[in-house]
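A quick write-up on the structure given underneath.
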Amino acid sequence: QVQLVESGGGLVQAGGSLRLSCAASGRTFSRYVMGWFRQVPGKEREFVATISTSGGSTSSADSVKGRFTISRDNAKNMVYLQMDSLKPEDTAVYYCAAAGRFTVYSASYDYWGQGTQVTVSS
């Protein structure tokens, strides 16, 4: 089992940057594909980015390509989301999640963090 705790959210102006972190417990972290998702009230959870177990493969949503970068440090049991050129439409609660396979579908992720709020002001 994996427990996930996100941090790094906050309020930032449009055009600014934030770095989200996700700390994972357990000795099997390196076996999991990690992903970031986001959700706004009244809408479905949306895929943001995912990274393979080794970190060698990544995938991101078209809406964040070129602006967000996912990375991981297996030695530290950490996954990160570097968010640059932030836009007001990026405002959401951001969730870290772990899956057994490389996928963009939230239903395939087995473990979830509690989320961290990101608010981008115009």
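The values are calculated or read from the model by the stated rules, or taken from the named source; none is laboratory data. In this text the structure is predicted, and so the values were computed from the model without any measurement. So basically every Cβ, Gly included, is an ideal-geometry build from the backbone, and we count neighbours across all protein chains shown. Heads up: the accessible areas ignore ligands, DNA and RNA and are worked out on the full protein's heavy atoms, side chains in. Shrake-Rupley method; radii C 1.70, N 1.55, O 1.52, S 1.80 Å.
Between GLN117 and ASP84, what is the label-to-label distance in nm when each label sits 7 Å out along the Cα-to-Cβ direction?
According to this spin-label approximation, the distance is 2.8 nm.
Which whole-number percentage describes the relative contact order of the chain, with Cα contacts under 8 Å and a sequence gap of 6 or more?
On the way: 308 pairs, mean separation 43.8, N = 122.
Relative contact order of the chain: 36 percent.
Sorting check: for 54-61, 28-35, 86-93, which peptide has the highest mean count of neighbouring beta carbons within 10 Å, and how do the rest follow?
The packing order, highest mean first, is 28-35, 86-93, 54-61.
Between ARG27 and THR58, how high is the FRET efficiency from 1/(1 + (r/R0)^6) when r is the Cβ-Cβ distance and R₀ = 30 Å? Nearest 0.05.
Taking R0 as 30 Å, the efficiency between ARG27 and THR58 is 0.80.
So what J values fall out for the range 39-54 if you push phi through Karplus, 6.51 cos²θ - 1.76 cosθ + 1.60 with θ = phi - 60°, rounded to Hz, Gly and Pro as x?
For the range 39-54, the Karplus curve yields 8, 10, x, x, 10, 6, 5, 10, 5, 10, 6, 9, 9, 6, 4, 8 Hz.
Label VAL5 and GLU44 with points 7 Å out from Cα along Cα→Cβ: what is the distance between them in nm?
3.2
Measure off, as a whole percent, the carbon and sulfur share of the 1.4 Å-probe accessible area of the chain, all protein chains present.
Taking all protein chains in place, the chain shows 46 percent carbon and sulfur surface.
Per residue, how large is the accessible surface of the range 1-85? Use a 1.4 angstrom probe and give square angstrom.
Values: 4470 Å² over 85 residues.
I get 53 Å² per residue for the range 1-85.
Note down the nm distance, to one decimal, between modelled labels 7 Å out along Cα→Cβ at LYS65 and at ASP110.
3.1
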